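Some notes on the structure that comes next.
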Amino acid sequence: MFEKMKGSDASFKKMIYFIVFAMFWLKMTFIQGGIFTLDIENTNQAAILAFNPLSSIFFLFGLGILIAGRRGLLSAYILGSILLYVNVLFYREYNDFITIPMLGQVANLAGLGGSITNILSATDVFLFVDVLAATFLLIYLKPSRFQRFIPKRKEGLILAIIAVPLFLINLAWAQTERTELLTRAFDRNLLVKNIGLVDYHIYDVVLQGQTEMKKTFADSNELVPALNYLNEKKVKPNPDMTGVAEGKNVIILSLESTQTFVVDNELHGQELTPYFNDLKEEGAYFTNFYHQVKQGRTSDSEFMLDNSLYGLNRGAAFFTHSGNEYEATPEVIGEKGYTTTNMHANDKTFWNRNVMYDSLGYDEYYSKEDYEVTEEKSYGWGYLDEYFFSDSLDKMEELEQPFYNKMITLTNHYPFTLPEDKKLIEEGETSSGTLNRFFQTIRYQDEALKQFVEEFKKSDLYDDTLLIIYGDHFGISENHQKAMGEYLGKDINSYEQFQLQRVPLLILGEGIEPSKYDTVGGQIDLRPTIMNLLGVEDENPVQFGHDLFSEERKDMIITRDGDFASEEYVGVKESCFDRGTGEEVEGHACSEGFEQAEEELALSDSIVYGDLLRYLNETEMLEEDK
Ligand code: GP9
Ligand code: MN
């Protein structure tokens, strides 16, 4: 056949290109579709998966040719194959894809000893058959026999350039399934599923590059403005609350998409959260507590909870800054003898939690693989809350005490769907299906909460545990303002929209007097509040929150958008409102608040982007020397 082709050099060349490209495409498609479990849910997703290797193949092979012609193409083929295979091995062991910060774990693969045989499979040789074929085509078919198969550098350049529109098409197509795919920096399964494994690595390199640049140019002096600012704003925690929960276990229960407006509210004459409505009377309940998350959603709330630093404006710090140095709650109380854990029945890679929890100093993460997740016990996003709760209680009873355990529910997540037999209330009747269903999942979550708290109260843990329940962020976005207005019976202007960002916060435990607090605060304040209750001296001065019980506290909460609520005002998108009445007031009344918001967010960003906590000890020593 090749002999015949000899006459037509151009078509011969095209054929070689075609075979080489097609072999790699087939292999990538097989690995992505057959070895990785990427949960392809519909034909559009399957088509994206089949399309996404193309841009990387053009880029990789084009670059190879551009650098070193025919040999460059072969080198690219071999290197690309190795990259795929290392990921296959890594995936089998960790059920995850390699990131640059995780390269250390790739090295561990070599040291796995006995278990390396578990991740190697005899059929893996088929993943290299094509490498032999490519070597034969590109090396042994000597130019002397086929004079004209000599790829030109220029061709390499053209191929690499073609990769750009291919990638843009891929991205636009993927966005039909997932909006803001790259900026929201979702979990790696989603990235690989949508842009393919090789492009995912390129993305990871770019992300890492940006991070490193910011870090490289940072120095310890940059921490000083933040330290000064925080020193100035410092307030004394409430001494009456100091140590009321000393030595106790802590359960932080993060309720998915739970907003304050559902509390003590009804639909069709039925309470949406009957259990929580009663439970809140048993502890300290905060009525003006806000979420402060942005694109990182749940992960941002976790970031604030443990660091008292703001999340980022773009992307999720959990994803982009998991390699930073932190001095987070788990690390601090871990040193005081606490066992620190997370329980959440989702994939451990979601929000990069498996990596970030290590950075924050958690001892253990019980993720989906640690729960008995079956089809019957799952719906929508996965494991139904009722089962998550009962399994988690069993796990907690086994933990070494005292423990600090964060639990994150899942069922009340967009698109808010439930099996028929779990619907305890009729759908809503507003113009938004999303809001109508949200009422049902909220009601379900409350029932699951009831089962959990009642069981927990009967357990031995109850007397020795502080239970902190909060909503992670909104469930109903601005897009459903009209429907929300229909339900609440009022117009939702920007003030009302801001007030809808309140999420419940309830602190329950011995020593916590049942009371309602109208303090204005947010997730950034959780850490100092918890530390004070535990009586732990938290020496990390870089915290933007303040004890919610503090008498000295100035009412203030700043959102990631730079909006704020203070004791008197709510400042939203440059408009100013009286916080109590919601009346719009003169803009200058809010100038001070906006300025503080801007300054505070910039300082927090400088710390995260510059990885400045690594200089903490150094800077403190300098301060002491003065
Ligand atoms: C996923 C869960 C939901 O594990 O935390 O994430 P979200 O989309 O709410 O950030
Ligand atoms: Mn969430």
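Worth a mention:
- Number of residues in segment 250-271 that are under 23 Å from the mean Cα position of the chain (by Cα) and either within 12 Å of ligand 2 (Cβ to nearest atom) or under 19 Å from residue 413 (Cα atoms) (or both) equals 9.
- Test result for residue 481, out of contact with any Gly (no Cβ under 9 Å at 6 or more places or on another chain), surrounded by 15 or more Cβ atoms within 10 Å (Cβ to Cβ) and part of a helix (DSSP H, G or I): yes
- Counting the residues of segment 375-391 that are at pLDDT below 95 and of a type in the set (A, V, I, L, M, F, W, C) gives 1.
- Candidates in segment 284-316 are the residues that are out of contact with any Leu (no Cβ under 8 Å at 6 or more places or on another chain) and small (Gly, Ala, Ser); of these, the one that is farthest from ligand 1 (Cβ to nearest atom) is 315.
- Here is the figure for segment 423-437: residues that are surrounded by 18 or more Cβ atoms within 10 Å (Cβ to Cβ) and either within 13 Å of ligand 2 (Cβ to nearest atom) or free of Cβ contacts under 8 Å to residues at least 60 places away in the same chain (or both) total 5.
- Against the conditions (1) within 16 Å of ligand 1 (Cβ to nearest atom); (2) touching a residue at least 40 places away in the same chain (Cβ under 8 Å); (3) not in a loop (DSSP other than H, G, I, E, B), residue 332 satisfies every one except (1).
- Residues of segment 265-296 that are crowded, with 19+ Cβ neighbours inside 10 Å and either β-branched (Val, Ile, Thr) or at pLDDT below 95 (or both): 273, 293, 294, 295, 296.
- Which numbered condition residue 238 fails, given (1) surrounded by fewer than 24 Cβ atoms within 10 Å (Cβ to Cβ); (2) closer than 29 Å to residue 437 by Cα: (2)
- Count - residues of segment 484-510 that are at positive phi and buried (at least 16 other Cβ atoms within 10 Å of the Cβ): 1
- Screening residue 204 on (1) over 23 Å from the mean Cα position of the chain (by Cα); (2) under 28 Å from residue 607 (Cβ atoms) shows it passes everything except condition (1).
- Top-ranked residue in segment 445-477 [being within 16 Å of ligand 1 (Cβ to nearest atom) and in a helix (DSSP H, G or I); ranked as nearest to residue 290 (Cα to Cα)]: 445
- Filtered residue count, segment 216-255, keeping only those that are free of Cβ contacts under 8 Å to residues at least 24 places away in the same chain and under 30 Å from residue 344 (Cβ atoms): 0
- Of all residues in segment 577-617, those being within 21 Å of residue 497 (Cβ to Cβ), β-branched (Val, Ile, Thr) and touching a residue at least 12 places away in the same chain (Cβ under 8 Å) number 1.
- For beta carbons closer than 7 Å, sequence separation of 6+ or different chains, a first residue in segment 349-361 that is not assigned by TED's automatic domain parsing to the domain that holds residue 207 and a second that is at pLDDT 90 or above and of a type in the set (Val, Ile, Thr), the qualifying pairs are 351/298; 361/340.
- Scanning segment 187-206 for residues that are farther than 17 Å from residue 323 by Cβ and either of a type in the set (A, V, I, L, M, F, W, C) or modelled with pLDDT of 90 or more (or both) yields a count of 12.
- Selection within segment 329-353 - in contact with a strand residue (DSSP E or B) (Cβ under 9 Å, 6 or more places away or on another chain) and closer than 27 Å to residue 207 by Cα: 329, 330, 331, 342, 344, 346, 347, 348, 353
- Applying the set (1) part of a helix (DSSP H, G or I); (2) away from ligand 2 (no atom under 15 Å from the Cβ) to residue 376 leaves exactly one unmet item: (1).
- Members of segment 450-479 found to be away from ligand 2 (no atom under 16 Å from the Cβ) and among the polar types (S, T, N, Q), listed by number: 451, 459, 465, 479
- Filtered residue count, segment 328-347, keeping only those that are touching an Asp or Glu at 6+ places or on another chain (Cβ under 8 Å) and more than 16 Å from ligand 2 (Cβ to nearest atom): 8
- Out of 585, 572, sole residue that is aliphatic (A, V, I, L, M) and buried (at least 19 other Cβ atoms within 10 Å of the Cβ): 572
- Selected residue (criterion: farthest from residue 512 (Cα to Cα)) from residues of segment 277-314 that are within 16 Å of ligand 2 (Cβ to nearest atom) and part of a loop (DSSP other than H, G, I, E, B): 295
- Residue pairs whose Cβ atoms lie under 8 Å apart, separated by 6 or more positions or on different chains, with the first residue in segment 402-414 and over 15 Å from residue 469 (Cβ atoms) and the second near ligand 1 (Cβ under 8 Å from one of its atoms) and among the small types (Gly, Ala, Ser), are 413/257; 414/257.
- Residue in segment 48-59 that is within 23 Å of residue 172 (Cα to Cα) and either outside any helix (DSSP H, G or I) or at pLDDT below 95 (or both) present: yes
- Strands (runs of 3 or more DSSP E) completely within segment 507-584 that count 2 or more residues being more than 31 Å from the chain's Cα centre (by Cα) and at pLDDT 95 or above: 515-522, 575-578
- When segment 392-417 is filtered for residues that are at pLDDT 95 or above and in a loop (DSSP other than H, G, I, E, B), the ones remaining, listed by number, are 399, 400, 401, 402, 409, 410, 411, 412.
The values are calculated or read from the model by the stated rules, or taken from the named source; none is laboratory data. Please read these numbers as outputs of a predicted model, since none were measured by experiment. Methodologically, a virtual Cβ is constructed for each residue, glycine included, from the backbone with ideal geometry; neighbour enumeration extends over all protein chains shown.
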